[in-house]
Each structure stands twice: as C-alpha cells, then as structure tokens.
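Visitor: The structure under discussion is supplied below as structure tokens; questions concerning it will follow.
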Amino acid sequence: MLQRDYILVVINQFVNAIMQALHKSLDLSNPEEAAEDAELAIAGLLDLDPSVAMQLTPESLVTMMVLSGMGDTVANYVAYSLNALGTLYDKMGDAATAAIRREQAAAVGESFGCDPTVPPEELVELEQKLNES
C-alpha cells in the first residue's frame, strides 16, 4: 500500500511538472526553457540525473525504466512526454533532437505496450491545447 501511494505521489508531481513545462511551450518566447523543464520532469520521474537521462539511447532508456521497477507504471507518461518534446523541438527548428525524443518515445511505447501519441487521462486537455497552437 505504501509503495502504491508513493508511486501515485510521484506520478502526480510529474503530471504537474510536465503540464507546467508544456504549457510554457505554448508561449514560444522561451521554448528552450520549456524543453529543459520537461526533460527535468522526465528525468525526475525516472529518478535519473537529467544530463544522463536525456542522452540515453532509446534502448538504454527502456533498460533504466525496467531496472527502476516503475517502468510499467510510468511508461505512458514518459512516452507521451517524450513525443510531445519531439514536437516542441521541431517547432524550435531542432530536427535532430526532435528525432531522438521520438525514437525514445517509440522505444518506450514498444517495450511497455503504450502509444506515445495518446496522452494519459490527466494530460488530454493539455494535448488539445497543444494541438490548437
């Protein structure tokens, strides 16, 4: 029970952080800050150092998620967020980083059986706003 409560708290904190970061991305005056905040949130959810987490190959990222023991629980959040980051990097004109984020999202989705293009329930409204921009 305590572990489940802990996981729910961690996910809730992540959802709040990723929502703030992606909301920032709607105002393209400082997209780099929005991307950095989103990457920090993802790394925090995975309990990894941000400078390491975002440099991992797609396969290594999946391995780290499996080893964390929380991979199944957070995979949809991570996959969706990485995919959204890919879109943000495209808007910033950074096609190379966008491709890496989408490859990471696809690897997480494939390994954990989730679709990176489908937002978790808590992020559906945000997804609609992102699509309108």
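Each value in this text was obtained by applying a stated rule to the coordinates, not by laboratory testing. Predicted, not measured: the structure shown is a model, and the values here were computed from it. Because the Cβ atoms are built from the backbone with ideal geometry, glycine has one as well, and the counts that use them run over all protein chains shown.
Visitor: What dipole magnitude, in Debye to the nearest 20, does the chain give about its Cα centre under +1 on Lys/Arg Cβ and -1 on Asp/Glu Cβ?
Guide: My answer is approximately 100 debye.
Visitor: Between beta-carbons, use under 15 Å as the cut-off and find the net charge around Gly71, counting Lys and Arg +1, Asp and Glu -1.
Guide: Charge balance near Gly71 sits at -4.
Visitor: What ³J(HN,Hα) values, in whole Hz, does the Karplus curve 6.51 cos²θ - 1.76 cosθ + 1.60 give for the range 115-125 when θ = phi - 60°, with x put for Gly and Pro?
Guide: 9, x, 8, 9, x, x, 3, 5, 10, 4, 5
Visitor: In addition: At a temperature of 10 °C and a viscosity of 1.306 mPa s, determine how fast the range 64-133 diffuses translationally according to Stokes-Einstein, using the Kirkwood radius over alpha-carbon pairs as Rh; express D in µm²/s, rounded to the nearest whole number.
Guide: The Stokes-Einstein estimate is 129 µm²/s.
Visitor: Moving to a separate point now. Please arrange Val124, Val15, Val108 by how many other C-beta atoms lie within 10 Å of their C-beta, fewest to most.
Guide: Neighbour counts put them in this order, fewest first: Val124, Val15, Val108.
Visitor: Please arrange Asp27, Asp37 by how many other C-beta atoms lie within 10 Å of their C-beta, fewest to most.
Guide: Asp27, Asp37
Visitor: Another one. Over the Cα atoms of the range 2-132, Rg to Rh with Kirkwood Rh, two decimal places?
Guide: 0.93
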